Each structure stands twice: as structure tokens, then as C-alpha cells.
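Working notes, structure below.
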Amino acid sequence: MSFIDRMEKNIAKLEKRIEKEKLKIENLRQKMESKKITKAHFNLKKREIEDKIKAINSRIRSIHGMTVKEKQHLEEKEEKKRKKREEKKKKRQ
């Protein structure tokens, strides 16, 4: 498994975690509507969960940036190899 594959797998895990956090907010909203918790308690918990989601999103963006940078690095490396092969062919002829 390459570095890029692991990063993409990590992004997928983080996206699943975001979905779970959104479900938590929805559950809290239902509790508030059924009068099990107060609106103030709901807002506090919602803010905490939204902060978690924001942190996860920033982590996803940074991981995505790393994968892009790694892909560029691999392309540059492949380009250098291709140029070396072409130079060897020219020298042989």
C-alpha cells in the first residue's frame, strides 16, 4: 500500500467520522424538540460537536494537500527517469 493510498483511506475514515458527528447533532436536536434537554444545553453540545467537525475538516484539507504534493513529487521523479532513459538512447545511437 502506497503513501497516497493510506492518505486517501485516512480521508475516508475522517469523512465517516464527520457523518457520525452530524448524526449526534441531529439526535440532540430531536431530544431538544421532545423537551428532554434544554435549548441552552443543546447549543453548548452542538457548538462542541461543530468544533470537532471543523477540526476534522482542517485535517482532511491538510492530508489532501500532502497527497497532492506527493503526487507531484512522484510525477517529477518519473519525468527525471524518462529523461535519463532518453539520454541513454541518444548516446547509444
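Readers should treat all values here as calculations from the given coordinates under stated rules, not as data from a laboratory. Every value quoted in this text rests on a predicted model; they were computed, and no experiment measured them. No Cβ is skipped: glycine too gets one built from the backbone with ideal geometry, and neighbour counts run over all protein chains shown.
Details
- Sites matching trypsin sites (Lys or Arg not before Pro) across the stretch 1-49 that sit in DSSP coil, with at most 16 neighbouring C-beta atoms within 10 Å: 35, 36
- Fewest-first sequence of 67, 38 by Cβ atoms within 10 Å of each Cβ: 38, 67
- Of the residues 65, 55, 44, the one whose Cα sits farthest towards the positive end of the charge dipole of the chain is 65 (charges of +1 on Lys and Arg Cβ, -1 on Asp and Glu Cβ, taken about the Cα centre).
- Secondary-structure-derived ellipticity at 222 nm for the chain, considering helices only, amounts to -34000 deg cm²/dmol, per-run term -39500 (n - 2.57) for DSSP H runs with n ≥ 4.
- Axis angle, to the nearest 10 degrees, between helix 39-92 and the longest C-alpha principal axis of the chain: 10 degrees.
- Partner lysines for residue 81 [C-alpha distance under 18 Å; skip if fewer than 8 residues away on the same chain]: 71, 89, 90, 91
- Average Cα contact separation per residue, the chain, under 8 Å, 6 or more apart, as relative contact order %: 40 percent
- Rg and Dmax [Cα atoms of the chain; Å; Rg one decimal, Dmax integer]: 23.7, 84
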